[in-house]
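Notes to accompany the following structure.
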Amino acid sequence: MLNVPSQSFPTPSSQQRVTSGGRSKVPLKQGRSLMDWIRVTKSGKDLTGLKGRLSEVTEEELKKHNKKDDCWICIRGFVYNVSPYMEYHPGGEDELMRAAGSDGTDLFDQVHRWVNYESMLKECLVGRMAVKPIVPKDHRIDYCEEKRVLNGMLPEIQVTDKLATENPSSPSYDWFQTDSLVTIVIYTKQKAISLDSVIVDHQDGSFRAETIVKDCSYLIHLGLSHEVQEDFSVRVVENVGKVEIVLKKRENTSWKCLGHPLEKHNSFIPKKDAGLYFRKCKLISKEDITHDTKLFCLMLPPSTHLQVPIGLHVYLKLTITGTEIVKPYTPVSDSLLSKFKEPILPNNKCIYFLIKIYPAGLFTPEFDHLQIGDLVSVSSPEGNFKISKLQELEDLFLLAAGTGFTPMVKILNYALTNIPSLRKVKLMFFNKTEDDIIWRSQLEKLALKDERFDAEFVLSAPNSEWNGKQGHISPALLSDFFKRSVEKSKVLLCICGPTPFTEQGIMLLQDLNFSTDEIHSFTA
């Protein structure tokens, strides 16, 4: 019996996110939207051509199905007949054909690993690959049968051979207890571990602590042997790379063991292979920012520790017409001028999002219709921005269009507050009309408050009363505004907006003699 894959991975229909120089969406025929595809999957049609049978697929059999009208693709060991989906694919038929009759997992991960293909293509599932990948031996042990008097290190960690070679010092953990507390200690064996490197969730009887070590994920995943209270504390000793998680016992009894291992417990794998983990967050406020953009505040569960690092994003997940839809969003600060606004809750318990509502969209209208108190699934952080890029920075240039401004918010706040070497921060913000400018008054107040900060608003469709810059991104606009404070200053340029805007902006900045190392693009 084949196991149909779960729907825990991120999902379809968020707009395609691409890296600079990457793929773009292609125009789809009328009646070929994501909503139309969802209707097809629920129509009862036989989309695999196998009349509902699931089978194991050999590599030789997979290779035979390499044409548009007979196209099978393998993703993470499962084979799908994607021919019925060809006309609905936002990246176009040619993009799918690149993986026709082969394993398309790497290609999929390069382009949009956040997409919940499992949910979107579940009616196209042909079966499982007959040849299973080799995995490390599973170190099975009944942790509650350990006879040691002291709580020593747990068994050998699970790592791939490649990872073991590249990272000989894998993390480990131990635990100890008092009458009322249990402390789990993670030894990362790396310095510069911070609080936002640690994500802890305790829900549905499962304790999960993920620590990000460079580009890898170390996971402790246990069913605890006894009940604990909802609240806990997380402490990091940065200079030695040690993490301490303190749990409060519900009953003052002695634990004979910490718990039993769950999926991927004590594993150390590349972050890109870790998948996404979601927790339910409560919507506690929403506020109009512009005519079509709102600030949403989500509260983390009391049994969760999660701080989204600067420059990273998360995925929000809703179930719409029976299908899980996931969209990526970058959290923002609650305000650019925090002292003018009292936070609703401590910052480490809230996540804020500036979201533009598209009336004809699939996701944002549903999100906007949520009531205060409704729950939203929020993933762990994703992204490749490194805060080290901001260290010893002298000039920070921000280039944004529309909601491409959102990744800039925390970067802007952090740089002005924490980088003593910073001389200048410049934001060039492109919008259609004045009404579209997000947090315009706050940006103007910030410019008055901090002489290092300067904001330039550029409109593509201004009214007759507009006296500022207008037009689209161009060499003249950029060269006039983005000038180093001193010759050869250490500079970082961050750019985010629609794909054509970002791609053109990168080329123009390179033409202005900014190097690729000095440019970081976010996807929108």
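Structure values in brief
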| read-out | value |
| --- | --- |
| Residue count for the stretch 367-402, restricted to those that are open to solvent by 20 Å² or more (accessible area, probe 1.4 Å) and modelled with pLDDT of 95 or more | 10 |
| Selection within the stretch 260-278 - in contact with a Cys (Cβ under 8 Å, 6 or more places away or on another chain), open to solvent by less than 70 Å² (accessible area, probe 1.4 Å) and in a strand (DSSP E or B) | 268, 269, 270 |
| Search result, residues across the stretch 486-521 that are basic (Lys, Arg) and either in contact with a Lys or Arg (Cβ under 8 Å, 6 or more places away or on another chain) or touching a residue at least 24 places away in the same chain (Cβ under 8 Å) (or both) | 490 |
| Test: residue 412 is outside any helix (DSSP H, G or I), open to solvent by less than 10 Å² (accessible area, probe 1.4 Å) and in contact (Cβ under 8 Å) with a residue 24 or more places away in the chain | no |
| Residue in the stretch 15-36 that is acidic (Asp, Glu), outside any loop (DSSP other than H, G, I, E, B), surrounded by 13 or more Cβ atoms within 10 Å (Cβ to Cβ) and at pLDDT 85 or above present | yes |
| Residue that is most open to solvent (accessible area, probe 1.4 Å), among those in the stretch 279-316 that are under 19 Å from residue 210 (Cα atoms) and among the basic types (Lys, Arg) | 280 |
| Positions within the stretch 169-194 being of a type in the set (Asp, Glu) and not in a loop (DSSP other than H, G, I, E, B), in sequence order | 174 |
| So residue 50, is it modelled with pLDDT under 85 and within 27 Å of residue 380 (Cβ to Cβ) | no |
| Top-ranked residue in the stretch 195-215 [being touching a strand residue (DSSP E or B) at 6+ places or on another chain (Cβ under 8 Å) and outside any strand (DSSP E or B); ranked as farthest from residue 233 (Cα to Cα)] | 215 |
| Condition met for residue 61 (crowded, with 17+ Cβ neighbours inside 10 Å and over 32 Å from the mean Cα position of the chain (by Cα)) | yes |
| Count of the stretch 64-83 residues which are assigned to a helix (DSSP H, G or I) and either among the polar types (S, T, N, Q) or free of Cβ contacts under 8 Å to residues at least 12 places away in the same chain (or both) | 1 |
| Test result for residue 108, at pLDDT 85 or above, in contact with a strand residue (DSSP E or B) (Cβ under 9 Å, 6 or more places away or on another chain) and of a type in the set (A, V, I, L, M, F, W, C) | no |
| Residues of the stretch 424-475 classified as of a type outside the set (Lys, Arg), open to solvent by less than 40 Å² (accessible area, probe 1.4 Å) and either assigned to a strand (DSSP E or B) or touching a residue at least 60 places away in the same chain (Cβ under 8 Å) (or both), total | 19 |
| Matching residues, the stretch 223-240, being open to solvent by less than 50 Å² (accessible area, probe 1.4 Å) and either part of a loop (DSSP other than H, G, I, E, B) or without any contact (Cβ under 8 Å) to a residue 60 or more places away in the chain (or both) | 223, 224, 225, 228, 236, 237 |
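The values are calculated or read from the model by the stated rules, or taken from the named source; none is laboratory data. It should be emphasised that the depicted structure is a prediction, and the values quoted were computed from it without experimental measurement. FYI the Cβ positions are ideal-geometry reconstructions off the backbone, even for glycines, and counts take in every protein chain you see. When the accessible area is computed, the model is the full protein with side chains, heavy atoms only, and any ligands, DNA or RNA have been set aside. Shrake-Rupley method; radii C 1.70, N 1.55, O 1.52, S 1.80 Å.
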